[in-house]
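Student: Before I ask anything, let me first share the structure, which is written out below as structure tokens.
The values are calculated or read from the model by the stated rules, or taken from the named source; none is laboratory data. Computed from a prediction, not measured in an experiment: that's the story for all the values here. We place every Cβ from the backbone using ideal geometry, glycine too, and count neighbours over all the protein chains shown. SASA here: full protein model, heavy atoms, side chains in, ligands and nucleic acids out. Shrake-Rupley method; radii C 1.70, N 1.55, O 1.52, S 1.80 Å.
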Amino acid sequence: MTVQDTCAPDEGAIICINVGGFRRRLLSTRLSRFPETRLARLLHCRSKESILELCDDYDDLEKEFYFDRNPALFPYVLHFYNTGRLHVMGELCIFSFSQEIEYWGINEFFIDSCCSSTYHCRKMEPEETDWDDKSEDGSTASSFDEILEFYNDAGKFDKQLLGSVRRKVWLMLDNPGYSLPSRFISVFSILVVLSSIATMCMNSMSEFTFLDSDGRPREDPRFEAVEQFGIAWFTFELVARFAVAPDLLHFFKHPLNLIDLVSILPFYLTLIINLVAESSPALVNLGRMAQVLRLMRVFRILKLARHSTGLRSLGATLKNSYREIGLLLLYLAVGVSFFSVMAYTAEKEDNEGLSTIPASWWWATVSMTTVGYGDVVPASVAGKLMASACILAGILVVVLPITLIFNKFSLFYKRQKQLEAIMRSCDFDAGIKEVPSANLRNYYARKVKTLMASLSNMSRSSASDHSLTESLH
């Protein structure tokens, strides 16, 4: 048997692994489910030189791959290939474990939810100012959902006409930074968006206003040319993404695609309304609606979310922070109601701006949010003391929920950067294998276990330890 035969085994073949004296025989089909890992990459080696780039030594006679690594940690890697999830025992050194799974090409996203929170807390322990470890346990599960969805979408192209070409175009358009052309398209699109917003702002200035023969204001021809070019580019982007989308039926369920659609709709609706208004004098009032639609062009600034990790993280934070936002609004509502009554009681006789409780709501809202317009101010000593209490209470009321929201933003920003790194590192030229989607049964079992874990932390820990112990034996 040649090296080439050993390195490209048939489906169901067995390969021999020796990790620091710890020997195991593994099925190639089990390894191929995770093509980005080191052991799975061995299956595609075609020469001994390529083998030695991935392992420390290779025995031609025994057909054995040798790795000079810690044999005590390799059973955790085996458990990952068996179940698709990683578990971390309490007595392990977290940094050693992190370096080990990085060597084997296993991402931290595969750490099961029962161990994820403890793992990240212990890993971030030396950094007392890092708030990432205060996130919710479900963050890792949602990360795995996004990776799973990404692989599933990429795998759909294998069954479509010109699938490999369409997949490359899809990755180039939907993943800024994936390749040099995608970076160029991303930068060009950002410049077009900024130019469009700049022309909209400048068009509102009297210095750039033109009058037609009837004395009515009209748009600067230069700005109009920039607007038409921008609409042409935005339309081309949307149509191109739609043409190469892996699933056309679910294309507009993605928020970023909806933003692309909303950014061009005002232009085409305005064009239709103007044509209808010109053809029928009775519908001249439609022209006013066209002016309102023109102002909706400001929504194009949201297109930057496709090219900005920070904006996508902000959207994810707002989506997953509705409890904290509701808590913030509740605190403000209680504070505004209380201090508006206090202001009305102290100032109703001497201050017209605080003569009614509804009028006092505006002053209390501005004061609690520390904006302080100064349009309405208390005049009496009692009113000033009450205003000082309102401002101090506002600082506490606003800061407490904002801290929780900021913690989530830090988490989602870091997670988004990791997801982008994973998506950019994927190579689909050889086709899509059974990657994370092959473990759907284990994935849904993990989701059920996460629900049970929220009811009993003790049972969660013991179940995790028992599962890993069985794998090691």
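Student: Can you compute 3J(HN,Hα) from phi for each residue in the range 353-367, using the Karplus curve 6.51 cos²θ - 1.76 cosθ + 1.60 with θ = phi - 60°, rounded to whole Hz and x for Gly and Pro?
Tutor: Taking θ as phi minus 60°, the curve returns x, 10, 7, 9, 5, x, 5, 6, 4, 4, 4, 5, 5, 5, 6 Hz for the range 353-367.
Student: Related question: Give me a comma-separated list of calculated 3J(HN,Hα) values for the range 402-419, in order, Karplus coefficients 6.51, -1.76, 1.60 applied at θ = phi - 60°, integers in Hz, x for any Gly or Pro.
Tutor: Each residue of the range 402-419 in turn: 4, 4, 5, 5, 5, 4, 5, 4, 4, 5, 5, 5, 5, 5, 5, 5, 5, 5 Hz.
Student: Treat each spin label as a single point 7 Å out from the Cα along the C-beta direction, and report the Glu91 to Ile395 distance in nm.
Tutor: The modelled label-to-label distance comes out at 5.1 nm.
Student: Contour minus end-to-end for Glu49 and Arg183, with contour as 0.36 nm per residue of separation and end-to-end as the Cα-Cα distance?
Tutor: On the way: separation 134, 0.36 × 134 = 48.24 nm, distance 3.40 nm.
Value of the extension gain: 44.8 nm.
Student: Students often get this wrong: which residues of the range 342-358 have the backbone nitrogen under 13 Å from the point 7 angstrom along Cα-to-C-beta of Ala382?
Tutor: What the label zone holds, given the 13 Å backbone N cut-off, is 342-351.
Student: Further question: Largest first, how would Lys319, Lys159 line up by accessible area (1.4 Å probe)?
Tutor: Details: Lys319 155, Lys159 190 Å².
Per-residue accessible area, sorted high to low, gives Lys159, Lys319.
Student: So how much slack lies between Ile14 and Gln160, counting 0.36 nm per residue of separation and subtracting their Cα-Cα distance, in nm? Mind showing how you got there, number by number?
Tutor: Details: separation 146, 0.36 × 146 = 52.56 nm, distance 3.27 nm.
Full extension of this stretch gives 49.3 nm more.
Student: Residue-wise, which Karplus ³J(HN,Hα) couplings in Hz belong to the range 185-195, taking 6.51 cos²θ - 1.76 cosθ + 1.60, θ = phi - 60°, and x for glycine or proline?
Tutor: Rounded to whole hertz, the list is 4, 5, 5, 5, 5, 4, 5, 5, 4, 5, 5.
Student: Right, here's the next one. Ignoring everything but the protein chains, give the 1.4 Å probe accessible area of Phe109 in square angstrom, nearest 10.
Tutor: Around 10 Å² of this residue is reachable by solvent.
Student: Right, something else. Amide H to amide H under 5 Å from Ala13: which residues, 5+ apart in sequence or cross-chain, H placed 1.01 Å off N in plane?
Tutor: Ser28, Thr29
Student: Which whole number in µm²/s is D for the range 315-397 by Stokes-Einstein, with the Kirkwood Rh taken over Cα pairs at 10 °C and 1.306 mPa s? Walk me through the numbers on the way to the answer.
Tutor: Values: Rh = 13.1 Å.
Answer from the Stokes-Einstein relation: 121 µm²/s.
Student: Hey, can you find the accessible area per residue of the range 8-71 for me, probe 1.4 Å, expressed in square angstrom? Spell out each step's value before the answer.
Tutor: Numbers: 3520 Å² over 64 residues.
Each residue of the range 8-71 exposes 55 Å² on average to a 1.4 Å probe.
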